Amino acid sequence: MAWVLITGGGTGIGRGLVHHFSSISDLSVLTCGRRAAPLAETRRTAPRPEAITIVACDLGTAEGRHRFLEPLPPEASVRLLVQNAAIGDPAAVAELDLKHFEELCRAGALCSVE
Ligand SMILES: NC(=O)c1ccc[n+]([C@@H]2O[C@H](COP(=O)([O-])OP(=O)(O)OC[C@H]3O[C@@H](n4cnc5c(N)ncnc54)[C@H](OP(=O)(O)O)[C@@H]3O)[C@@H](O)[C@H]2O)c1
């Protein structure tokens, strides 16, 4: 079974992607977000809920990034990773809050999974 990994699948574009890929019969979808309730709603409203594994975790932490990947079987074939999870409010660079910007960068740092 091939897997598609979609971060931030509890809302918006991520939910749409989870629904799309989980409707394809030979794919399993792994998704995450910090809040469990929106993720459960994504799975509940999907065409094939049984194809979806949800993990409530914070990708901004090393522990959360490991937790996200834990459900993957050791020999899993990962066909696609969509790094969709993000935070951030549009603003001029001069007005950016540095702490918020750093948090934004951590949420997108999937490449730092050891
Ligand atoms: N909508 C647009 O017009 C637009 C335009 C250009 C680009 N984009 C990009 O498209 C992507 C999705 O946009 P969207 O509008 O669908 O946004 P959204 O509804 O806010 O979805 C972002 C998702 O990321 C999750 N998330 C945020 N921080 C996380 C973290 N630290 N760990 C795990 N999950 C986290 C959120 O869930 P939790 O809060 O539960 O963690 C949320 O479900 C984003 O990357 C955005 O920048 C969107």
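The values are calculated or read from the model by the stated rules, or taken from the named source; none is laboratory data. Predicted, not measured: the structure shown is a model, and the values here were computed from it. No Cβ is skipped: glycine too gets one built from the backbone with ideal geometry, and neighbour counts run over all protein chains shown. Just so you know, the surface numbers come from the protein's heavy atoms only, side chains and all, with ligands and any DNA or RNA stripped out. Shrake-Rupley method; radii C 1.70, N 1.55, O 1.52, S 1.80 Å.
Summarising the label geometry, the points placed 7 Å from Cα in the beta-carbon direction at Arg44 and Thr11 lie 1.7 nm from one another. If you sort Phe21, Phe101, Phe68 by accessible surface, 1.4 Å probe, largest first, the order is Phe101, Phe21, Phe68. Annotation: amide H of Cys57 within the under-5 Å range of Gly33, Arg34, sequence separation 5 or more or interchain, hydrogens built in the peptide plane.
For Ser77 and Asp97, the FRET efficiency from 1/(1 + (r/R0)^6), where r spans their Cβ atoms and R0 equals 35 Å, is about 0.30. Per residue, how large is the accessible surface of the range 10-114? Use a 1.4 angstrom probe and give square angstrom. For the range 10-114, the per-residue accessible area is 61 Å².
Full extension of the segment from Asp26 to Ala86, taken as 0.36 nm per residue of separation minus the current Cα-Cα distance, would add 18.8 nm. Compactness check for the chain: Cα Rg over 2.2 N^0.38 Å is 1.09. The peptide list 4-16, 86-98, 30-42, put in order of mean Cβ contacts within 10 Å with the highest first, becomes 4-16, 30-42, 86-98. The amide H of Ser28, built 1.01 Å from its N in the peptide plane, has Ala2, Trp3, Val4 as neighbours under 5 Å, considering only residues 5 or more places off or on other chains. Element breakdown for the range 2-112 at a 1.4 angstrom probe: carbon and sulfur atoms account for 58% of the accessible area.
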